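Shown next, in C-alpha cells, is the structure this report addresses.
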Amino acid sequence: MRFFWQLFFAALVAASPALDQSSVNGCKSLASKFQDRVVYPNSVAYANETAAYWAQNVILQPSCVFIPRDSNEVAVAIPILKASNTKFAVRGNGHMTVKGAASISNGVLIVLTNFRQMTISSDSTVASIGPGLKWIDVCIWIQQYNRVVVGARYAPVGVSGFLLGGGISFLGGQYGWGANSVINYEVVTAEGKIIQVNKTSNSDLFWALKGGGSNFGIVTRFDVQTHPTGQIYGGLMTWNQSTVDGAVNALAAFATPGGGIDDPKAALLPNVAIDPASKTQSAAFFGFYNDADATVLKNFTDTASLNLAKVTTYADLIAGTAAGAAGNFRAAFHCGSFKASAQTVKLINDTVTRDAYKNLSDLEGVTISLSIQPLAKSWFDASRKAGGDAIDIDPSAGSLIVLNLVVQWKNAADDTKIATWSDDILAKLSEEAKKLGLGSEFIYLNDAQEGAKPFPTYGGGKSRARLLSIRKKYDANGVFQNLMPGGFKLGD
C-alpha cells in the first residue's frame, strides 16, 4: 500500500507542475490516515465537492478534498496539516462570493458535507445542527415541533457561514442576529482539540464567534435556541417594469421612522433588479410578519403586480425562496450601510440604477440586485439583551439599512470591470450618504466584498482589539490566519 501511495503522489506532482510540495505532503499524510475520505482530481467525488458553490467565479482546484465523517476526524486532520505546513480551506455550503473564503488552490479543501446532524432537546427549546446543512433543511425539519430557529431568509444559504458572520433573519427584530440564538458551539481548535464554547465555558470565545467568522477554529456543531411559531403572514411579491416604482416607494415608507421598520415582527427580503442592457427595472420581495396579520405589508401587497403573500407557516415561506439555489453565473456581493430613511432608499436606487445604465449596458448577461435590507433599532436591542456579540451595534444610533449590492454576470473576461464598477459605485454612494448625514461605517461580513474590512467597524471600532486578543489565546501560531488564508481575517 505504501508503494501505491508513492506512485500516486509522484504522478500527481508530474501532472501538476504548479503544485507546491507542502500541499502534496498534506494530501499524502491525510490519505495515509483517512484513505477513503481523501479524494483527488478526476474522481467523481472531487468533481462534486469542488463544484458545490453558489457562484462559478469562486470555484478553485484544491490539491485534494478531505471529507471528514465527524469532529474527531477534523481534530486529527488539523495537526497533520500543521505538521506539513499545508494551506487549507473549509466549506460548509459555499454561498459566499469571496474567492478563497471556502475554496482553495494548491491546498486541501475540507468539506463539511457529512455534518448534517439535527437533534432537538426533550423540551424542544434547543436544536443541535451541523454546519453541512442548508437552512431549508433545518426549517422543514423543525416545523414538526412548532418551533423556529433564527436562520437565513434564503433557503440555499448554509448554516455555518450564516451564523459565524452574524446572520440576517426574518426574525431579527425580535431576537437579534442569528448568532445571538447560539447557546453552544462545538469547536475544533488550532491544536486539534474539541472544546465546547458557551457562556460559562470558554466564554470569551463564545462572544468572539458571534460575528467573528473563521478566525478561531472550525465549528462542527451549533446548539441554537428555538422559538415558538404558529401561523405567519408572508410570501413573494413582484413588480414589473411598469409597477416597480410601487415597490421602491413602499420600501421607502417601510424604512421611515414610525413605518414598518419599527415593528419587530415585520421583515423583508427585498430585491430591486436592474437590467443595464435593456435599461429596465423590476422587483421581487419576500415579505414577512410573525403573525397572521397583513396590515404592515399593505403598501407592498396593494402595489405588487403579483402578490403570493398569504397566511402560512415559516417553513413554507422559506421553502418558497429556494429558486436559484445555484446557477450558471458569476456573482459578487458588495456591502454598505446607511441610516434608515426614505431618502436612503431613494438615494441607493437612483444612484446605482443611473450608473449601471451608463456603464454596464455593453456587458453580456449582467443583472444587478439591490437588496436594501432594513435592520431596526429593536434588532440591536435584542442582540444586547441576548448577551451581546462582537458586532455590537449601538442601538442609540437608530435603525440601519444594510445594502447587499449583488451583481451577476456571464463572462470571466468581465470580472475586473464588474469588481471596479462595484467598488466605485459603493464608494460614490457612501460619500453622498455622508454628505446627507445618512452614512454608517458598519460592514456586514456575510454580504461583504473581497478586500473589505468588516472587523474595524464592529462595536464602533472597539471590538477588534478584543477579537485579536482572543484569537491569539486560542490560535497562538496563527493557523487560521496563515494556513487557512481565505475569507475575512483579523490581521495582526
Expressed as a whole number of Å, what is the distance separating the alpha-carbon centroids of region 255-290 and region 97-171?
24 Å
Where does the chain land at 222 nm, in deg cm²/dmol rounded to the nearest 500, when only DSSP H runs of n ≥ 4 count, each adding -39500 (n - 2.57), divided by all residues?
-9500 deg cm²/dmol
Flagged links, alpha-carbon separation over 19 Å, of 210/473; 87/134; 435/489; 99/453; 265/298; 339/377
87/134; 435/489
Around residue 428 (Cβ within 13 Å, Cβ-to-Cβ, excluding residue 428; K/R +1, D/E -1) the net charge comes to -2
Net charge around residue 289, counting only other residues with Cβ within less than 9 Å of its Cβ (Lys, Arg = +1; Asp, Glu = -1)?
-2
Using a cut-off of 13 Å between alpha-carbon atoms, which aspartates and glutamates can reach residue 428, once sequence neighbours fewer than 8 places away in the same chain are excluded?
350, 355
Charge sum, other residues only, whose C-beta stays under 12 Å from residue 438's C-beta, Lys/Arg counted +1 and Asp/Glu -1
+2
Quick note, the chain: a/c under 1.5 would make it rounded; otherwise a/b > b/c is prolate and the rest oblate (a ≥ b ≥ c, C-alpha gyration tensor); here it is prolate
In straight Cα distance, which aspartates and glutamates are under 19 Å from residue 385, not counting same-chain residues fewer than 8 positions off?
204, 223, 262, 263, 394
Would you mind pulling out the separation of the Cα centroids of region 385-429 and region 189-211, in Å?
28 Å
Applying the gyration tensor rule to the Cα atoms of region 129-226 (axes a ≥ b ≥ c; rounded if a/c under 1.5, else prolate if a/b exceeds b/c, else oblate), the class is prolate
Take peptides 105-113, 118-126 and line them up by average Cβ neighbours within 10 Å, highest first, as a rough protection proxy.
105-113, 118-126
Sort the following peptides by mean Cβ neighbour count (other Cβ atoms within 10 Å, averaged over residues), highest first: 81-91, 386-396.
81-91, 386-396
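Values in this text are rule-based calculations from the coordinates and carry no lab data. Remember, predicted model here, so these are calculated numbers, not experimental data. All Cβ positions, glycine included, derive from the backbone under ideal geometry; neighbour counts span all protein chains shown.
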